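Let me begin by presenting the structure, written as structure tokens, before commenting on it.
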């Protein structure tokens, strides 16, 4: 295995120029999943991905149609039952490039400036897909892989993966594995190797209040009819207490507490309050008392108002008492909270707090549980060792404040945990103009994945 590892690293270094050229080819395809005008580009990107798997000698390579954009699959199962089977996840679709005038070079004309490659999809996530595949190529150039590998690359992640659950559910046997590798992630800085071991879930709602059956003159009716906008503000204000805790009944009953070891590990992250003040431009930070900013962002649940709408909001004044008011409410969840239970908790809160002077309706719009991986699993240990080999330092572990639905789908439908390790940087402008990937970090990422695959084979 040592010779294989050395040969693979040498191969990866010798072929960096070709790897970059192939990534540029991939990035030239405008695979914008949300735009029907790019239907043929989506098919072309799927076929390009499948050709990559075929060039690696994978078997059962196929572009599967779905109710939307196709899924690409391929496998290498020649290594026997004594080694683990890894499922590599990725997506080939990208966000729209608008606004085009803010790009310094064409979004689908890959351009290297300094140490960065600029193009839509460079970091989210064609660059990450290619890092995983090129590391496989480097290890396999001797003729075999030290583990069994399955690859699943979808084309609908940027529009919420509407057909992925059905595909996974109907192909469970084909996708059976020991764990999944999800490179749709990043590191905190070029010199800070990072493992994301937990992702918060989501429960999203729309709350609608109605008072009178039409807008009223505020002078003629103000003081006689309860203003739905006022009622909504009062209801929302009661959703947090003075300590920043959410007041929905039972909201914290299932929240998994942080032990001292995990709090110590999170404290190693090289970002603090000054970083978040600079990134947000906020005059001060805020959150649940008794926890650090890092802990509140990844390990504690939240309730946020994402939108408010009521009454007249145009130029000048209009003395109207609105008949309706609406709020968008987002809850980020942690293990072991259940989105359906949070829905019930919010309903109970509203039953207790909405006055009889208005009517109300709560619409559940989205929900997904949180995901967490065992930091002592053999897969996490293997990637931790690989990152330390390349970077020369122990990686930091972080909890991600956002949600990655595919990680939850793999846990629910396949019963496996995901290793969330990618190599994008916070400043890589994913979803924004001038998206980029830092090439030295990308090359280090390929090396780290080579060591990861070899570690798994040895383990």
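With a simple spin-label model that places each label point 7 Å from the Cα along the Cα-to-Cβ direction, the separation between residue 60 and residue 25 comes to 2.6 nm.
Exposure proxy for 326, 42, 125: other Cβ atoms within 10 Å of each Cβ, ordered fewest to most, give 326, 42, 125. The stretch between residue 280 and residue 348 holds 21.1 nm of extra length on full extension. This uses 0.36 nm per residue minus the Cα-Cα distance.
Cα centroids of the range 183-199 and the range 273-320: 25 Å apart. Its DSSP H runs of at least 4 residues, each contributing -39,500 (n - 2.57), put the calculated 222 nm mean residue ellipticity of the chain at -10000 deg cm²/dmol, to the nearest 500. When only Cα pairs below 8 angstrom with a gap of at least 6 residues are kept, the chain shows a relative contact order of 26 percent. Annotation: extensible slack from residue 253 through residue 363 equals 37.3 nm (criterion: 0.36 nm per residue apart, minus Cα-Cα distance). Rounded to 0.05, the FRET efficiency of the residue 174 and residue 315 pair, given R0 = 60 Å and the Cβ-Cβ distance, is 0.55. Among 112, 151, the order by Cβ neighbours within 10 angstrom, fewest to most, reads 112, 151. Rounded to the nearest 5, the antiparallel percentage of DSSP beta bridges internal to the chain is 70%. Summarised in one figure, the compactness ratio Rg/Rh of the range 161-221, Cα atoms and Kirkwood Rh, is 1.33.
Each of 123, 389, 313, 319 was scored by other Cβ atoms within 10 Å of its Cβ. Arranged with the fewest first, they read 313, 319, 389, 123.
Size descriptors for the range 20-99 (Cα atoms only): Rg and Dmax, in that order, 14.6, 51 Å. Multiplying the residue separation of residue 375 and residue 261 by 0.36 nm and removing their Cα-Cα distance gives an extension gain of 39.9 nm.
Be a star and scan the range 318-341 for residues whose amide nitrogen sits under 20 Å from the point 7 Å along the Cα-to-Cβ vector of residue 217. Only 318-324 fall inside the zone, counting backbone N under 20 Å.
A short reminder: the numbers here are calculations on the coordinates, not readings from a lab. Bear in mind the structure is a predicted one, so any value in this text is a computation, not a measurement. Neighbour counts run over all protein chains shown; Cβ positions are idealised from the backbone, glycine included.
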